[in-house]
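Please read the structure below before turning to the comments.
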Amino acid sequence: MKNYKVAIIGATGLVGRMFLKVLKERNFPVEKLYLYASPSSAGKKIEFNGTEYTVMELKDETIADDIDVALFSAGGGVSLEYAPKFKAKGAVVIDNSSAWRMDENIPLIVPEANPEALENHPGIIANPNCSTIQVMPVLKVLQEKYGLKRVIYSTYQAVAGSGQKGIEDLEANLKGEPSKGYPHQIAFNALPHIDVFLDNGYTKEEEKMINETRKILNLPDLKVTATCVRVPVRYGHAVSVNVELEKPFELEDVIRAFEEKEGIIVQNDGKNNVYPMPINAQGTDEVYVGRIRKDFSADNALNLWVVADNIRKGAATNTVQIAETLIKKGAL
């Protein structure tokens, strides 16, 4: 098997550190690492697979010529500026920011949902929003078996989705100190506010979920709406999903289809207190689905509860899985 030269941009951040952990755990065939970060992190030493690497400042002259794949998680501005530069030097870029997601020429990928979109990719590939990622394997199953008519999302998103500053705000609040990043206290609270508010009353996070769902499932006219809420949980997003299907269904068939789908774990035994929870999803790469039940208020409608580790499956793991899929396709 070929080994690959891998670059991580944003190597010292929350997701960047998780890239390293996931690459190691999944035995990704790394020959050499290039670690990039901001000037304040340059010079730091990071060990990986017995070799010590020095974090470099990200600038034009430090971009190596032999990188096979570059994993970005350093914000949209950095991605817009540097992804084309890494691509120009021969690297395939997989970007974890929102910079390229809605570019019609850039594939937006969840490997369990739309790996075919990687065919003839242009050298830059986008990783979706964390909350979008975790519902895609579930919705793909329903799309293939029954067709999708309408989707309603209500999210319960962990503070780690805001990066290290979100975790720090929660810890500070628990000590009686005010938030620095959030507009209000997050401890013992719930904020129906993720990202900036748009003129139409939605937040940018909600708009991301709506537009990304349509793009990934290749359903540009799908009716989708979302309300995204930040909750005082450290890691792991939960999403309540209400789906109207095109065709009738039997609940047993839906559950069986979820159980057969790679990457999904069904936890659906409410009477015995078995259902997905963020605290159990933390540290894992799977998507968990439970509370599977018919919605009797609409025809062919279904309620689901979907949970995943937002830093792993919702960010780092999905990015690495994209790279693994490229290897399987002989495209890396």
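Quick one: order Cys130, Cys228 from most to least accessible surface, probe 1.4 Å.
Working: Cys130 20, Cys228 0 Å².
Ranking Cys130, Cys228 by accessible area, largest first, yields Cys130, Cys228.
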*asked:* Kirkwood Rh over alpha-carbon pairs of the chain, then Stokes-Einstein at 37 °C and 0.692 mPa s: what D in µm² s⁻¹, rounded to an integer?
replied: 160 µm²/s
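What's the FRET efficiency of Lys180 with Glu324 using the Cβ-Cβ distance as r and R₀ = 51 Å, to the nearest 0.05? It would help to have the intermediate numbers written out before the result.
Numbers: r = 37 Å, r/R0 = 0.73.
The pair Lys180/Glu324 has a calculated efficiency of 0.85.
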*If you plug each phi of segment 153-168 into the Karplus form 6.51 cos²θ - 1.76 cosθ + 1.60 with θ = phi - 60°, what whole-Hz ³J(HN,Hα) values come out, in order, with x for Gly and Pro?*
9, 10, 9, 10, 9, 5, 5, 4, x, 8, x, 4, 5, x, 5, 5
_Just to compare against my own numbers: the Cα pair-distance distribution for segment 149-248, 10 Å bins, whole % per bin, please._
16, 41, 28, 12, 3, 0
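Relative to the compact globular guide of 2.2 N^0.38 Å, what is the alpha carbon radius of gyration of segment 13-90, as a ratio? Please list the in-between numbers first.
On the way: Rg = 12.3 Å, N = 78, 2.2 N^0.38 = 11.5 Å.
Taking N as the residue count of segment 13-90, the ratio is 1.07.
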*Please find, in a Gaussian network model of the chain (springs between Cα atoms separated by less than 10 Å), the residue of Val254, Val239, Val196 whose mean-square fluctuation is greatest.*
Val196
*Under a 5 Å amide H to amide H cut-off, with H placed in plane at 1.01 Å, what residues pair with Phe48 once short-range neighbours are removed?*
Tyr53
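Between rounded, prolate and oblate, where does segment 64-223 land on the alpha carbon gyration tensor, with a ≥ b ≥ c its root eigenvalues, rounded for a/c under 1.5, else prolate if a/b exceeds b/c? Don't skip to the answer; put the middle values down first.
Details: a/c = 2.26, a/b = 1.24, b/c = 1.82.
Note, shape of segment 64-223 comes out oblate.
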*Provide the percentage of antiparallel DSSP beta bridges, counting only those with both residues in the chain; round to the nearest 5.*
50 percent
*Show the residues, 5+ positions off or on another chain, whose built amide H is closer than 5 Å to the amide H of Arg293.*
Asn303
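Shape verdict for segment 196-332, please, from the Cα gyration tensor: rounded (a/c under 1.5), prolate (a/b greater than b/c) or oblate.
Working: a/c = 1.25, a/b = 1.09, b/c = 1.15.
In terms of gyration-tensor shape, rounded.
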_Pick from Asn272, Asn303, Asn218 the residue whose mean-square fluctuation is largest in a GNM of the chain, springs joining Cα atoms under 10 Å._
Asn272
*asked:* Please list, ordered by chain and number, the residues whose modelled amide H lies under 5 Å from the amide H of Ala70; skip anything fewer than 5 residues away on the same chain.
replied: Ala7, Val92, Val93, Ile94
_Using the basic label-point model (7 angstrom from Cα toward the beta carbon), what is the Val229 to Asp103 distance in nanometres?_
3.6 nm
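The values are calculated or read from the model by the stated rules, or taken from the named source; none is laboratory data. For clarity, every value in this text was computed on a predicted model and none was experimentally measured. In this analysis, Cβ positions are derived from the backbone assuming ideal geometry, glycine residues included, and neighbour counts consider all displayed protein chains. In case anyone asks, the SASA skips ligands and DNA or RNA and just uses the protein heavy atoms, side chains included. Shrake-Rupley method; radii C 1.70, N 1.55, O 1.52, S 1.80 Å.
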